[in-house]
Amino acid sequence: MPTGIQGLDELISGGFPRGRVILVLGGPGTGKTILAAQFLYKGISEYGENGIFVSLDESQNHFYSEMMKFGWDFKKAEEEGKFLFVDATRLSRVALLKEKLLKEETSSLRGKQLQIDKLIEEVQAKIQQIGAKRVALDTLASLFYRFLDPIERRTASVDLIEALSDLGATTVITTELSYLGLERNMMDEEFLVHGVVMMQTLFSGGTTTRALQVEKMRGTSVNANLVPYTIDKNGIEIFPAMSVFREK
Ligand SMILES: Nc1ncnc2c1ncn2[C@@H]1O[C@H](COP(=O)(O)OP(=O)(O)OP(=O)(O)O)[C@@H](O)[C@H]1O
Ligand SMILES: [Mg+2]
């Protein structure tokens, strides 16, 4: 499935494997949300493939206005029946803090898992509603605050990834490196998904460079080099023929 993101399809011989789950990993501000949104918007505008954005991070209005800065009119796409926004911010950190204050039942493990099950049902219903081919979930890292126990957390994210891979759409899930731990061991999340794309900001000699690497993409041959990318008013562009390391 061509992502439509400049330069990315070239890196992964044409696009993401259809119907599979791709994990986008990166630090804060690396452009994970933009990449996920761009994948959906290009699907709608260039390939006639409807999309769903599942947000654990930001509200619908905030998302719509942020994405308009790139000229991506998700509100219009929604009105045309091509896009749906799923607000899952109730699973986020802020929601958790509010619940703590209210001492609600939802902080129990059973309560938390029920919320994940409900979210999966909601996504499934919305996929059917508009015949969505693309789904983005932003961000798995938000579960970090809800499931402080590492084993509970891993169970929850594994459940979520497995459920999403059963839905038939091609799915991008973003997460933060800090969520997986500073020691970047391969985590269960990475074994479960079909592709892993890593985004990072490199600092060297007073300058910063954005760099992207495809760490894994089952079923396709990939260029696994660390390559530069930029973010500008058109979104993300990747430069597969360039190296981030200066050539002498
Ligand atoms: N028009 C633009 N031109 C250049 N850079 C931009 C533009 N719009 C956004 N950015 C950059 O994009 C980055 C934010 O992108 P995004 O929100 O997708 O990151 P993120 O990885 O999701 O961050 P977070 O961890 O905060 O969720 C910032 O570094 C910002 O400087
Ligand atoms: Mg983000």
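Values for this structure:
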read-out: Residue match in region 192-203 (condition: in a loop (DSSP other than H, G, I, E, B) and either modelled with pLDDT under 85 or within 15 Å of ligand 1 (Cβ to nearest atom) (or both)); value: no
read-out: Residue match in region 189-197 (condition: crowded, with 19+ Cβ neighbours inside 10 Å, touching a helix residue (DSSP H, G or I) at 6+ places or on another chain (Cβ under 7 Å) and either farther than 18 Å from residue 14 by Cβ or free of Cβ contacts under 8 Å to residues at least 60 places away in the same chain (or both)); value: yes
read-out: Inter-residue pairs, beta-carbon under 7 Å, first at positive phi and among the small types (Gly, Ala, Ser) and in region 124-138, second away from ligand 2 (no atom under 16 Å from the Cβ) and at pLDDT 95 or above, 6+ apart; value: 131/50
read-out: Residue, surrounded by the fewest Cβ atoms within 10 Å (Cβ to Cβ), within region 5-39, restricted to residues that are within 19 Å of residue 127 (Cβ to Cβ) and more than 13 Å from ligand 1 (Cβ to nearest atom); value: 18
read-out: Wholly within region 98-167, helices (runs of 4 or more DSSP H) carrying at least 1 residues that are in contact with a Ser or Thr (Cβ under 9 Å, 6 or more places away or on another chain), at pLDDT below 90 and within 16 Å of ligand 2 (Cβ to nearest atom); value: 143-146
read-out: Which numbered condition residue 213 misses (of (1) more than 30 Å from residue 73 (Cβ to Cβ); (2) in a loop (DSSP other than H, G, I, E, B)); value: (2)
read-out: Per-region count, region 48-62, residues away from ligand 2 (no atom under 16 Å from the Cβ), under 21 Å from residue 234 (Cβ atoms) and either among the aliphatic types (A, V, I, L, M) or without any contact (Cβ under 8 Å) to a residue 60 or more places away in the chain (or both); value: 1
read-out: Breaking point among (1) assigned to a strand (DSSP E or B); (2) among the aliphatic types (A, V, I, L, M); (3) within 14 Å of ligand 1 (Cβ to nearest atom), for residue 84; value: (3)
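The values are calculated or read from the model by the stated rules, or taken from the named source; none is laboratory data. Bear in mind that the values here come from a model prediction, so they are computed numbers and not experimental data. So basically every Cβ, Gly included, is an ideal-geometry build from the backbone, and we count neighbours across all protein chains shown.
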